[in-house]
Amino acid sequence: LLWKRPIKEWGYRVWASSKTQSNSRFDQPVDITHKLVADGDYIYTALGHNAPMLKLSAKTGETLQTFAGSEQISEILYLDGKLIVSVHREINDHKKGKSHGKHILLYDAQSGKLIWKTKDIKGIKVKSGLLEKYTSLYMAAGKDALFFVDGMSLVCLNLKDGTERWRKPRPHNGSFVA
C-alpha cells in the first residue's frame, strides 16, 4: 500500500432516498466508475460524490490542485494534457428525483485553467426511480473532437473551443451506430 485517502460522502446512503435506503449494490449512479483517470505521476478524481476534481500525486496521494467549478463530477476523460469533465448542472438534492442536466468543462491539466464550458446538456437517462436524475453522456474524445449522447442526439464538439460541429438524431429502433 503506497498511500490512502478518506473518501467522504460516498456509497448508497449518499444517493438513496432516506425512505428507501437499501444495501443493494445496484442502488448507485452508473457513472461512479467514470470519476477517476491517471496520467503518469498524476491521478485526477473527486474524493466524494459531490466534491470537486482534484489532481493528486500518484506517488504520495497529496492533493496538488483543486479544479474550480468541477463539483458534481459525472465523468472525466484525459486527452493530450486536457481534462474533459462532465458535471451535474446543479447541486444534487439526494431526496428529489428530477434530472438536473449537465455541463461539459475542458481544463488544462497542468495549470488547472478552465478553457471552456458548455451550455445545458440533458444527457441520457439510464436508470429509473430515485437515480433517474443521474443522466450520463457516454463521452468519447479523440484528436480534436468530443462525442457524447444528449437526449435523442449524438453530438460532436470541437475540442479546441467547445463549439458544436454537428448533432445527429439517434435511431429510434434501439440500435445505435457511430
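Rule-based calculations on the coordinates, nothing more; no lab input. Just so it is clear, the structure is predicted and the values come from calculations on it, not from any experiment. All Cβ positions, even for glycine, are placed from backbone atoms using ideal geometry, and neighbour counts span all protein chains on display.
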- Quick one, what does Rg over Rh come out to for segment 26-86 if you take C-alpha atoms and the Kirkwood Rh? 0.96
- Item | FRET efficiency, THR163 to LEU1 (Cβ-Cβ, R0 45 Å, nearest 0.05) | 0.50
- Working out 0.36 nm times the residue gap between LYS117 and THR33, then minus their Cα-Cα distance, what length gain in nm do you get to one decimal? 28.0 nm
- Checked against a 32 Å limit on the C-alpha separation, the offending pairs among LYS4/LYS168; LYS8/LYS143; LYS59/LYS82 are LYS4/LYS168; LYS8/LYS143
